[in-house]
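Peer 1: Before we start, here is the structure in question, set down as structure tokens.
The values are calculated or read from the model by the stated rules, or taken from the named source; none is laboratory data. The structure displayed is predicted, hence computed values, not measured ones. Neighbour counts are summed over all protein chains in view; Cβ atoms, including those assigned to glycine, are modelled from backbone coordinates with ideal geometry.
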Amino acid sequence: MKLLEYEAKQLFAEEGIPVPKGTLISRHKETLLHMDTLPEKVVVKAQVDVGGRGKAGGVLMADHETVMETARRLFDTRIRGVPVDRILIEERLDIRHEYFVSITIDRAKKQPVILFAETGGVDIEETARTEGAIRSVSFSPLLSDIPGFLLRELCGNAPADIQKTVNRLYHVFCRKDALLAEINPLVTTPARVYAADAKLIIDDNSLGRQGIIVNRDLTEREREAEKHGFSFVELDGSIGVIGNGAGLTMATLDLIETYGGKAADFLDVGGGAEQERVKIAVQLVAGVPSVKVIVVNLLGGITKCDEVAKGIVAAGIHQKVIVRLAGTNEAEGRAILAPKGYLMLDTMELAVKAAVEAAQ
Amino acid sequence: MIYGDKKTGVLVQGATGKQGAFHISLMQEYAKSVGGRGVVAGVTPGKGGQEVHGVPVYNTVKEAMRDHDIGAAVIFVPAGAAGDAIMEEADAGIPTIVCITEHIPVHDAMMAIAFAQMEGAGVIGPNCPGLLSPGEVKMGIMPAKLFKEGNVGVVSRSGTLTYEVVDELTRAGIGQSTVVGIGGDPVIGQTFTDVLARFEEDQQTKAVVLIGEVGGNLEEEGAASTDLPIVSYIAGISAPPDKRMGHAGAIVEGGEGDARSKIARLKKRGVPVAAKPSDIPRMIRELI
């Protein structure tokens, strides 16, 4: 799950990374702005999950005179289509230099990888095109600190405080179960180093132990699906898809596309799907307004086909259901479905073809 | 066969849980049908002394190792404890560790896999269906009745999609040497490259089906690492960007790892890529 800037900055500050003094204001909540404690020069920043926020008009300069008016104006705009519900008002820094640092996971090396550039800021994507402008190091995940020689290699001529901050960001990355921890720009002022912006993405498999209760990145229906342990993605076609296993479900979607149809969703019921969960899955997909027909494609590994069949029947939905079932307790599953008149086909190709025809 | 055979004694971690116990019974059934040793011990902390389908349960992996000759382990413990289980087995000296568990925090997986590597153990998974060598051994949850002994290796990031392909192969009369599910997570132990290296050394394997999906570039890396004849299938041509398609690792990020460019890169290497799973048997026949 992606955190917003002000949330990420709170977590950065906990690990000792200096962040600018700031106040959060919300559209729907009264806030007392103590003008005397507010610095004369401020930055007014929309808290939205949008890339290139600065260039899209989400970051405005203001002072004591103009801060209220600026915030009001920002609440009334959309940043790349996203409404602004929260604004962070921060002290404006006397920036001398901007660096870029980003920590993520190198899937091929199975290690953390740290990217660093001596020229950070809003033009980082252009910087990235220059050969050698972004340096990177990766190392064993069993280490609790970035080794000093790698920090020196990574940060080059940057001041020692920058190296210290990069290592602290690595602590955030590990302790907060992050998939991405990034500071762009990481700035120096005459006084010290600051994380002027902050990006943090938390591993969805770690939300529980990080104390995050609701995954904001999901739609309401996706959240409902998650509660039942399904992987669910809403798409915009007319053929509802339920499969078991991510690969098989994806292959079912691909086959629909190959035969000229369009899938309405991706729903993986997961392993060990029981009657009640299958029933809920079928009802959930049937509830997607664009769904005309549902194709259920299940190969039993951990999944028991008879359980699945009972669930499909119990869902009692009005749309046509085309079923392909194979695997553990297959015969029992078939015996439950056949008398109910559900179209049962032997292969996923036959089932998908029938579904594409039915949707037309 | 690779990773194990009839003589391999298997340990199941999480033996007394619902899934662990259920799959011990299926693995035992398979071992019996092929005359293999199958599951020789189970481990669940605090449940030592119990039995699951006739398999003795121990409190720790080290205790089980004292009483039994164990060549591989299969993990069914919950996500929060799975990283620890991998490390316990690696520390005890088990060379092959199959981790079925899904939803393991990626930082746990990354550390446990690095730890296992240090101890000289190979981790298959996490978030995988395990492996099956027809006529020899089953370590995991693959439905055995779909399989048939033969000369084609299968390596895949998926579970059920693998069964689909195996089913197609078997129906077409093409048997398998070993079928390995390497897992759907962003960080996995054995990659396509590792499994293909084992297949190269395996006398029985004449060709390999490589089943990939969106996310990362392990498929291309694997295909580039071997001289074995390969047929590939990549799932996810219809996957929208920045959405996780069921597997934690199945995500097109920053315009990278999408199915079409993966397929294009494989084809450029001369690897035939099937448009749909049912095309695979014919394409394998053309290779061998």
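Peer 1: Of all residues being surrounded by fewer than 19 Cβ atoms within 10 Å (Cβ to Cβ) and more than 7 Å from chain A (Cβ to nearest Cβ) in segment B:241-251, which is modelled with the lowest pLDDT? Just the residue, please. Before the answer, list the steps.
Peer 2: Keep residues of segment B:241-251 that are surrounded by fewer than 19 Cβ atoms within 10 Å (Cβ to Cβ), which gives B:241-243.
Okay, now just the ones that are also more than 7 Å from chain A (Cβ to nearest Cβ), so B:241-242.
Details: B:Pro241: 88, B:Asp242: 85.
Residue satisfying both the conditions and the ranking: B:Asp242.
Peer 1: Whether any residue in segment B:41-59 is within 14 Å of another protein chain (Cβ to nearest Cβ), of a type in the set (Phe, Trp, Tyr) and not in a helix (DSSP H, G or I) is what I want to check.
Peer 2: No, segment B:41-59 contains no residue that is within 14 Å of another protein chain (Cβ to nearest Cβ), of a type in the set (Phe, Trp, Tyr) and not in a helix (DSSP H, G or I).
Peer 1: Which one is surrounded by the most Cβ atoms within 10 Å (Cβ to Cβ) among residues in segment B:196-220 that are away from chain A (no Cβ under 14 Å) and assigned to a loop (DSSP other than H, G, I, E, B)?
Peer 2: Within segment B:196-220, the first condition is being away from chain A (no Cβ under 14 Å), and the residues that meet it are B:196-208.
From the residues that got through so far, the ones that are assigned to a loop (DSSP other than H, G, I, E, B) too are B:202-206.
Numbers: B:Asp202: 18, B:Gln203: 8, B:Gln204: 18, B:Thr205: 22, B:Lys206: 17.
Step by step, filter segment B:196-220, then rank; the result is B:Thr205.
Peer 1: If I filter segment B:226-236 down to residues being more than 21 Å from B:Gly189 (Cα to Cα) and surrounded by fewer than 24 Cβ atoms within 10 Å (Cβ to Cβ), which single residue comes out as farthest from the other protein chains (Cβ to nearest Cβ)?
Peer 2: The extreme case among them is B:Pro229.
Peer 1: Considering segment B:80-100 alone, what residues qualify as being more than 9 Å from every other protein chain (Cβ to nearest Cβ), part of a loop (DSSP other than H, G, I, E, B) and in contact (Cβ under 8 Å) with a residue 60 or more places away in the chain? Spell out the reasoning first.
Peer 2: We begin by selecting, within segment B:80-100, every residue more than 9 Å from every other protein chain (Cβ to nearest Cβ); these are B:81-99.
From what is left, the residues that are part of a loop (DSSP other than H, G, I, E, B) are B:93-95.
Selection gives B:Ile94 alone.
Peer 1: Looking only at segment A:112-143, which residues are within 15 Å of A:Ala181 (Cβ to Cβ) and within 14 Å of chain B (Cβ to nearest Cβ)?
Peer 2: A:Pro112, A:Val113, A:Leu115, A:Ser138, A:Pro141, listed by residue number.
Peer 1: Related question: Limited to segment A:130-147, what total is found for residues that are part of a strand (DSSP E or B) and charged (D, E, K, R)?
Peer 2: The first filter runs over segment A:130-147 and keeps only residues part of a strand (DSSP E or B), leaving A:134-138.
From what's left, charged (D, E, K, R): A:135.
Within segment A:130-147, residues that are part of a strand (DSSP E or B) and charged (D, E, K, R) number 1.
Peer 1: Condition (residue is free of Cβ contacts under 8 Å to residues at least 60 places away in the same chain and farther than 30 Å from B:Leu218 by Cβ) applied to segment A:94-117: is it met by at least one residue? First the steps, then the outcome.
Peer 2: Initially, segment A:94-117 is screened for residues free of Cβ contacts under 8 Å to residues at least 60 places away in the same chain, giving A:106-111, A:113-117.
Now drop any that are not farther than 30 Å from B:Leu218 by Cβ, which leaves none.
The answer is no; no qualifying residue exists.
Peer 1: Given B:Leu146, B:Leu169, which one is buried (at least 23 other Cβ atoms within 10 Å of the Cβ) and within 12 Å of chain A (Cβ to nearest Cβ)?
Peer 2: The match here is B:Leu146.
Peer 1: Name the residue that is surrounded by the fewest Cβ atoms within 10 Å (Cβ to Cβ), counting only residues in segment A:333-360 that are of a type in the set (Val, Ile, Thr) and not in a loop (DSSP other than H, G, I, E, B).
Peer 2: Looking at residues that are of a type in the set (Val, Ile, Thr) and not in a loop (DSSP other than H, G, I, E, B), I get A:Ile336.
Peer 1: Would you check if B:Ala223 is assigned to a helix (DSSP H, G or I) and either of a type in the set (A, V, I, L, M) or surrounded by fewer than 24 Cβ atoms within 10 Å (Cβ to Cβ) (or both)?
Peer 2: Values: assigned to a helix (DSSP H, G or I): yes; either of a type in the set (A, V, I, L, M) or surrounded by fewer than 24 Cβ atoms within 10 Å (Cβ to Cβ) (or both): yes.
Taking the combined requirement at face value, the residue satisfies it.
Peer 1: Pull out all pairs, ordered by first then second residue, where Cβ-Cβ is under 8 Å, the residues are six or more apart or on different chains, the first lies in segment B:206-230 and is closer than 14 Å to B:Val155 by Cβ, and the second is at pLDDT below 95 and of a type in the set (Phe, Trp, Tyr).
Peer 2: Listed by first residue and then by second, the contacts come to nothing, as the list is empty.
Peer 1: Next question. Do you know which residues across segment A:118-135 are exposed (fewer than 14 other Cβ atoms within 10 Å of the Cβ) and small (Gly, Ala, Ser)?
Peer 2: Filtering segment A:118-135 for residues exposed (fewer than 14 other Cβ atoms within 10 Å of the Cβ) gives A:123, A:125-126, A:128-132.
A:Ala128, A:Gly132 - these are the residues of segment A:118-135 that are exposed (fewer than 14 other Cβ atoms within 10 Å of the Cβ) and small (Gly, Ala, Ser).
Peer 1: Exactly one of (1) at the interface with chain A (Cβ under 7 Å from one of its Cβ atoms); (2) in a helix (DSSP H, G or I); (3) over 22 Å from B:Val195 (Cα atoms) is unmet by B:His103. Its number?
Peer 2: Going through the list (1) at the interface with chain A (Cβ under 7 Å from one of its Cβ atoms); (2) in a helix (DSSP H, G or I); (3) over 22 Å from B:Val195 (Cα atoms), B:His103 breaks only (2).
Each row is one residue, and each column tells you yes or no for (1) aliphatic (A, V, I, L, M); (2) touching a residue at least 12 places away in the same chain (Cβ under 8 Å); (3) in contact with a helix residue (DSSP H, G or I) (Cβ under 8 Å, 6 or more places away or on another chain); (4) buried (at least 24 other Cβ atoms within 10 Å of the Cβ).
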| site | (1), (2), (3), (4) |
| --- | --- |
| B:Val123 | yes, yes, yes, yes |
| B:Pro129 | no, yes, yes, yes |
| B:Asn151 | no, yes, no, no |
| B:Arg157 | no, yes, yes, yes |
| B:Glu164 | no, yes, yes, yes |
| B:Ser177 | no, yes, yes, yes |
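Peer 1: Kindly check whether there is at least one residue in segment A:248-268 that is facing another protein chain (nearest Cβ under 9 Å), among the small types (Gly, Ala, Ser) and either under 18 Å from A:Lys304 (Cα atoms) or touching a strand residue (DSSP E or B) at 6+ places or on another chain (Cβ under 8 Å) (or both).
Peer 2: Within segment A:248-268 (the criterion being facing another protein chain (nearest Cβ under 9 Å), among the small types (Gly, Ala, Ser) and either under 18 Å from A:Lys304 (Cα atoms) or touching a strand residue (DSSP E or B) at 6+ places or on another chain (Cβ under 8 Å) (or both)), the answer is yes, since at least one residue qualifies.
Peer 1: Which residue out of B:Gly254, B:Gly270 is surrounded by fewer than 22 Cβ atoms within 10 Å (Cβ to Cβ), more than 19 Å from A:Met250 (Cα to Cα) and away from chain A (no Cβ under 14 Å)?
Peer 2: B:Gly270
Peer 1: A further question follows. Can you tell me which residues in segment B:178-201 are aromatic (Phe, Trp, Tyr) and either in contact with a Cys (Cβ under 9 Å, 6 or more places away or on another chain) or closer than 18 Å to B:Gly150 by Cα (or both)?
Peer 2: Initial filter on segment B:178-201 (aromatic (Phe, Trp, Tyr)): B:192, B:199.
Within segment B:178-201, just B:Phe199 meets the criteria.
Peer 1: Then there's this: Anything in segment A:45-85 that is in a strand (DSSP E or B), touching a Leu at 6+ places or on another chain (Cβ under 8 Å) and either at pLDDT below 95 or more than 13 Å from A:Ile25 (Cα to Cα) (or both)? List them, or say none.
Peer 2: Step one: list which residues in segment A:45-85 are in a strand (DSSP E or B), which gives A:45-46, A:59-63, A:78-79, A:82-83.
Filter once more, keeping what is touching a Leu at 6+ places or on another chain (Cβ under 8 Å): A:45-46, A:60.
Matches in segment A:45-85: A:Leu60 only.
Peer 1: Only one residue in A:Leu284, A:Leu337, A:Leu299 is in contact (Cβ under 8 Å) with a residue 60 or more places away in the chain, assigned by TED's automatic domain parsing to the domain that holds A:Val269 and touching a helix residue (DSSP H, G or I) at 6+ places or on another chain (Cβ under 9 Å), so which one is that?
Peer 2: Details: A:Leu337 fails: in contact (Cβ under 8 Å) with a residue 60 or more places away in the chain; A:Leu299 fails: in contact (Cβ under 8 Å) with a residue 60 or more places away in the chain.
One residue alone meets the criteria, A:Leu284.
Peer 1: Kindly establish whether A:Val308 is buried (at least 19 other Cβ atoms within 10 Å of the Cβ), more than 30 Å from B:Gly20 (Cβ to Cβ) and within 14 Å of chain B (Cβ to nearest Cβ).
Peer 2: The answer is no for A:Val308.
Peer 1: A follow-up question, please. Considering each residue of segment B:5-21, count those that are modelled with pLDDT of 95 or more and in a helix (DSSP H, G or I), and give that number. Even if it seems obvious, please write down each step before you answer.
Peer 2: Initial filter on segment B:5-21 (modelled with pLDDT of 95 or more): B:5-17, B:20-21.
So of that shortlist, the ones also in a helix (DSSP H, G or I) come out as B:20-21.
Result for segment B:5-21: 2.
Peer 1: Which of the residues spanning segment A:149-191 are at positive phi and touching a helix residue (DSSP H, G or I) at 6+ places or on another chain (Cβ under 7 Å)? Before you say what the answer is, go through the steps one by one.
Peer 2: Going through segment A:149-191, the residues at positive phi turn out to be A:156, A:177.
The answer is A:Asp177, and nothing else.
Peer 1: Here's something else I'd like to know. Does A:Arg73 satisfy the condition of being of a type in the set (D, E, K, R) and without any contact (Cβ under 8 Å) to a residue 60 or more places away in the chain?
Peer 2: yes
Peer 1: Here's something else I'd like to know. Just one of (1) within 19 Å of the chain's Cα centre (by Cα); (2) closer than 30 Å to B:Thr205 by Cβ; (3) more than 14 Å from chain A (Cβ to nearest Cβ) trips up B:Val77, so point out which.
Peer 2: Status for B:Val77: all satisfied but (2).
Peer 1: How about segment B:120-143: which of its residues are touching a Leu at 6+ places or on another chain (Cβ under 8 Å) and either hydroxyl-bearing (Ser, Thr, Tyr) or within 10 Å of chain A (Cβ to nearest Cβ) (or both)?
Peer 2: Those that are touching a Leu at 6+ places or on another chain (Cβ under 8 Å) and either hydroxyl-bearing (Ser, Thr, Tyr) or within 10 Å of chain A (Cβ to nearest Cβ) (or both): B:Gly140, B:Ile141, B:Met142, B:Pro143.
Peer 1: Follow-up. Taking B:Val179, is it over 28 Å from A:Ile201 (Cα atoms), at pLDDT 95 or above and within 14 Å of another protein chain (Cβ to nearest Cβ)?
Peer 2: In short, yes.
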